[in-house]
Amino acid sequence: MQSTQFMFGIITWNPDPIIVEIAGFALRWYSLLFATGFILSFFLLRREFIKEGAPDDLLDKMLMYSVIGTILGARIGNCLFYDFAYFSEHPLEILLPVKFEPELHFTGFRGLASHGAMLGLLASYWLLSRRTSPSMWWFLDKAALVAALCLACIRMGNFMNGEIVGAPTDVSWAIIFPAVDMLPRHPVQLYGFVLYLSLFIFIFYYYKRHQSRLADGYLFGLFLVLLGTLRFGMEFLKRHYVFADESLLNMAQYLSLPMILAGFIIIVQQRSKPKENAFKPR
């Protein structure tokens, strides 16, 4: 069992990522927190769906499409954006939770990219909108209400895994992640948790205040701008991935720039369009 220690005011964070293991099945903190984000989002959105008079099964369909789109998009995005050289030679490992070399063994899906998840959700809601009455923008606005809450849960899962660490620092709240090295680093996972939770509260409050006059797609555009900006800024405190430490920007920042631009374009294009009344409010 790994442990967390306090040495000279600096936390050495090295918890066991597995909560419990029974008959070969391991329940991990990351998986639990990932699922928690979706469960909380489901109950929050259920109230909104009831208010708008949506069919009883529409939220179930949206949840199914969201989970599939998130996992597939995040997995494929991680493989393409962050480790293309490896997965271009091992394409089956993109969608299979195994490694074939040096010998076949189960690994689970390690590596999920939030930018890929965004693209996966776009594709999922486009497909869902073709099978139901609301538009893709309607679904994207509903997802924007709770997406930051899911991201906050995922960042806490990253913290429990001691992964996606920050750059070395001498601040008094630095944390050592022994799985990486013994350097005090920024706890960027906790920064992300606080910022994403704050973004969730702001988006939800903004929606409640302006719901009646928000054009479809506007909330999603606003979410993209704010999320992309936060992500771009936080990356300056992270250890670089894909690119060298001395590079000015990292991959996540390059991916955040088109997200911000797309958000502004959506806001401008959708703000003048009428609000959709897909259902009879209850």
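Just so it is clear, none of the values below were taken in a lab; they were calculated from the coordinates. These numbers come from a predicted model, not from an experiment. Cβ placement follows ideal geometry from the backbone for every residue including glycine, while neighbour counts extend to all protein chains displayed.
So here's what we get for this one:
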| read-out | value |
| --- | --- |
| Karplus-derived 3J(HN,Hα), 6.51/-1.76/1.60, for each residue of the range 216-226, Hz, glycine and proline x | 4, x, 5, 5, 5, x, 4, 4, 4, 4, 5 |
| Förster radius 51 Å - calculated FRET efficiency between HIS210 and ASP83, Cβ distance, rounded to 0.05 | 0.80 |
| Built amide H within the under 5 Å cut-off of ILE19, gap 5+ | LEU27, ARG28, TRP29 |
| Residues whose placed amide H lies under 5 Å from that of LYS238, excluding near-sequence neighbours | ALA167 |
